[in-house]
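Trainee: What follows is a structure written as structure tokens; I'll ask about it next.
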Amino acid sequence: TVWPLFIIALFSSCSDLGTNPDEKDGNNTSDVISYSADIQPIFNQNCGNNCHLNNTSGGLSLSSYSGLMAGGNHGNVVISGDSEGSIIVKKLSSNPPFGDQMPKGGSALSAAKIELITAWIDAGAENN
């Protein structure tokens, strides 16, 4: 009959009591992906070969958030909250559903950059 008292004493002495200080609270904004600071620079560095910045190849301008969200000849390229359904993510993959992998004529984006764009879209594709 000592075991029940031992177990109670063991659990009552825990300082954690079911919380995990390493878990991020919902108010932590340090992990928020910013369109202007994180996403637009990727487009500026990789899509400026006279295709989607100074020109609207395929009807798509990547020079601004409004241009990106306006889409192009194939419709909307970003579906907020749905990176898998977003044409822009599909076109960055090694096997796009139509045409060439983007950026055309350049090196493919790193997995980290594609993951950043994907996470931004999945988080709501906000203009922040």
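Trainee: Leaving out ligands, DNA and RNA, and with a 1.4 Å probe, what % of the accessible surface on segment 33-128 is carbon or sulfur?
Mentor: 47 percent
Trainee: Rounded, prolate or oblate: pick one for segment 60-105, where a ≥ b ≥ c are the square roots of the eigenvalues of its C-alpha gyration tensor, a/c under 1.5 means rounded, and failing that, prolate if a/b is larger than b/c, else oblate.
Mentor: oblate
Trainee: In square angstrom, rounded to the nearest 10, how much accessible surface does residue 122 have for a 1.4 Å probe?
Mentor: The accessible area of residue 122 comes to roughly 80 Å².
Trainee: Non-local amide H neighbours of residue 72 (under 5 Å, H modeled in plane, Pro and chain starts lacking H): which ones?
Mentor: 77
Trainee: Right, something else. Taking the inverse of the average 1/r across all pairs of different Cα atoms in segment 34-86, what Kirkwood radius in Å do you get?
Mentor: 11.2 Å
Trainee: Karplus couplings for segment 44-54 from phi (6.51 cos²θ - 1.76 cosθ + 1.60, θ = phi - 60°), rounded to Hz, Gly and Pro as x?
Mentor: With coefficients 6.51, -1.76 and 1.60, one gets 4, 7, 10, 10, x, 7, 6, 10, 10, 9, 8 Hz.
The values are calculated or read from the model by the stated rules, or taken from the named source; none is laboratory data. Quick caveat, the model's predicted, so the values are computed rather than measured. These area figures cover heavy atoms from the full protein model, side chains too; ligands, DNA and RNA do not enter into them. Shrake-Rupley method; radii C 1.70, N 1.55, O 1.52, S 1.80 Å.
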